[in-house]
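FYI, it's all coordinate maths here, none of it is from the lab. The model shown is predicted, which means the values in this text are computed figures rather than measured ones. Cβ atoms come from the backbone with ideal geometry, glycine included; neighbour counts cover every protein chain shown.
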Amino acid sequence: MKIIDRYVTGHFIFVIITALLAFVIIYVLIDLIENLDTFIDNQAPFSTVVKYYVLYIPFMANLTIPIAVLLSCLFTIGQMVRHNELVALKASGVSLYRVLLPLFRLGLLISVLALLFGELVVPVANNRRAEVKQVEIRKRPPGDQQQRKRIYLQDSSNRLIYVKEYSGQTKSALGVLIQEYDGETLVERIDARKMMWVEHGWVLYNAEVRSFRGDREEFQTLRELKRPDFTFIPDDLAQRPKDPEEMNIVELKSYIHHIHRLGGDAQRWIADYHLKLSFPFANMIIVLFGTALASVRRRSGAAVGFGISLFICFVYYTVMEVGRAMGRSGDLDPVLSAWLGNGLFGLIGLAMLVKAKK
C-alpha cells in the first residue's frame, strides 16, 4: 500500500502545484490589466509594480488553493478511473476509502498549513502591499503624515479616546473626547477643542473637564491642560485602520474587543473572525467533496474536469460570500454563517462518498 500511497500523493501534489502557479499567473494578469491605468498615470517604476505583485502572491495563493485542491482531486482520481486503476485496486480487495486515505491526510495537512500561512504570512504581505500602493504607486504621503477622521482609541483599560479629525503633519487633533471609567462607571469626561503633541506629551486646549463622584459632578474649563499620563503617541492616531485581510486572528479578536469596549457594533468583524477560522478548512472539505465526486463520476477528459472544478468552486465561494453577508448583517449567527459552505459541501461529499462503489 505504500507504493499506492506514494503514487496517489505524488500525482496530487504535482497537479496542485501546477494549478496554483497557473491560477496565480492568471490572477496577476487580470489584476495588472485592471490597474494598468493607475500604474501608468502615476508613473510607477517597474520594480515597484513587481514588488506590489510579489506581495500580492500570498493572498492570491491563499484564495485560490481550494480551487487547486479540487482540481487536483478530480485529476488524480479521474486518471485512476480512466485507466481502470481504481477498478483494479477494488478487484484486488483494496477499499475505496483506503485508496483515498492519502488524499484525506493531505487535505488535513493543507488545511493546517493554510491556517498558519493565512495567519503568519498573508496579513503581513497585505499590509505591506497596501503601503506600497498608497505611498510608492499613488505617491501619497505615508500613514503618519495623512489626515484621518473619526478615530476611536483605547488608551488604557479604563480610558477611551475619540478624535473627530487628526493631522499627521502638524500632530494635532480637533474635536477630542476623552472618557475615563472605573469599571463600568464613568468618572471623568474631557471635551477639548484641540489637542497637540508638544515636547513628547499631549496638551489639550480649551478643555471642559467633568468629574463624577457619586451623584456629584464637578465642572471646570481650562485653557490649557497637559496630560503626560496619556500612553498613546501620534503614530497611534495616524495609523491607518486595517482591513480584516491585513489582520491575523489575534489582532482581529483584539479589534472586536476594542469596538465592544467603545459600545460599537462589531457584528461584521465577528463574521470575518469566524470566516478566518473556517476558510482554511475548506481545503479538507474540498478534498472530501472532490474525491467523492471523482469516484462516482464517469470517465471524462481533462477539460471537463477543469470546468467542473471551476463551477463547483464558484458555487462554493458564492455560498461562503452569502453566508458572510448574512453574518455581517446579523441575519445569521456569525459562527453558522462562516461554516455554512463547509457544512453544506461536507454533507454532500459524505453522502456521495457513502453511495460510491467501495
Nearest-ten-degree value, helix 96-120 long axis tilted from longest Cα axis of the chain = 20
Go through the stretch 197-214 residue by residue and turn each phi into a ³J(HN,Hα) via Karplus (6.51, -1.76, 1.60, θ = phi - 60°); whole Hz please, and just put x for glycine and proline.
-> 8, 10, 6, 6, x, 8, 10, 9, 10, 6, 9, 9, 10, 10, 10, 10, 10, x
How much of the calculated P(r) for the stretch 147-239 lies past 24 Å, in percent of all Cα pairs?
-> 16
Would you mind counting up the charge near residue 56? Only other residues with Cβ under 15 Å from its Cβ, with Lys and Arg at +1 and Asp and Glu at -1.
-> -3
Please name which of 151, 84, 176 has its Cα lying farthest along the dipole of the chain towards the positive end, using unit charges on Cβ (Lys, Arg +1; Asp, Glu -1) and the Cα centre as origin.
-> 84
Checking the stretch 119-198 for trypsin sites (Lys or Arg not before Pro) in a loop per DSSP with at most 11 other beta-carbon atoms within 10 Å yields 139
From phi via Karplus (6.51, -1.76, 1.60), per-residue ³J(HN,Hα) for the stretch 36-51 in Hz, x at Gly/Pro | 4, 4, 5, 5, 5, 4, 8, 6, 5, x, 4, 5, 5, 5, 4, 4
Can you tell me the 0 to 90 degree angle between the C-alpha axis of helix 340-355 and the longest principal axis of the chain, rounded to 10?
-> 10
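Let me make sure I get this right: for the stretch 118-185, a, b and c are the square roots of the gyration tensor eigenvalues over alpha carbons, sorted descending. Under 1.5 in a/c it's rounded, otherwise prolate if a/b > b/c, else oblate. Which is it? Don't skip to the end; give the middle numbers.
Working: a/c = 4.30, a/b = 1.51, b/c = 2.85.
Judged from the Cα gyration tensor, the stretch 118-185 comes out oblate (a/c at least 1.5, b/c at or above a/b).
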Where in the chain lies the longest segment free of GluC sites (Glu not before Pro) that are both loop residues by DSSP (not H, G, I, E, B) and have at most 14 other Cβ atoms within 10 Å?
-> 1-183
Calculated [θ] (222 nm, deg cm²/dmol) that DSSP helices of n ≥ 4 give over the chain, each run adding -39,500 (n - 2.57) = -20000 deg cm²/dmol
Listed residue (101, 30, 237) projecting farthest to the positive dipole end of the chain, Cβ model = 101
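So if I place +1 on the C-beta of Lys and Arg and -1 on the C-beta of Asp and Glu, and nothing else carries charge, what would the dipole magnitude of the chain be about its Cα centre? I want it in debye, nearest 20. Mind showing how you got there, number by number?
On the way: 42 positive and 35 negative charges, 329 e Å.
So the dipole magnitude of the chain works out to roughly 1580 debye.
Grab the beta carbon distance between residue 43 and residue 92, set R0 = 56 Å, and tell me the FRET efficiency rounded to 0.05.
Values: r = 66 Å, r/R0 = 1.17.
So, using R0 = 56 Å, E works out to roughly 0.30.
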Distance between modelled label sites at residue 215 and residue 109, nm, 7 Å Cα→Cβ extension | 7.2
Report, to the nearest 10°, how far helix 122-131 tilts away from the longest principal axis of the Cα atoms in the chain, using its own Cα long axis and a range of 0 to 90°.
-> 50
When the gyration tensor of the chain is built from Cα positions, what are the square roots of 5 times its three eigenvalues, in whole Å, from largest to smallest?
-> 53, 25, 14
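Using a simple charge model, +1 on the beta-carbon of Lys and Arg, -1 on the beta-carbon of Asp and Glu, nothing else, what dipole does the stretch 135-214 show about its Cα centre, in debye to the nearest 20? Please list the in-between numbers first.
Values: 14 positive and 11 negative charges, 103 e Å.
I would put it at about 500 debye.
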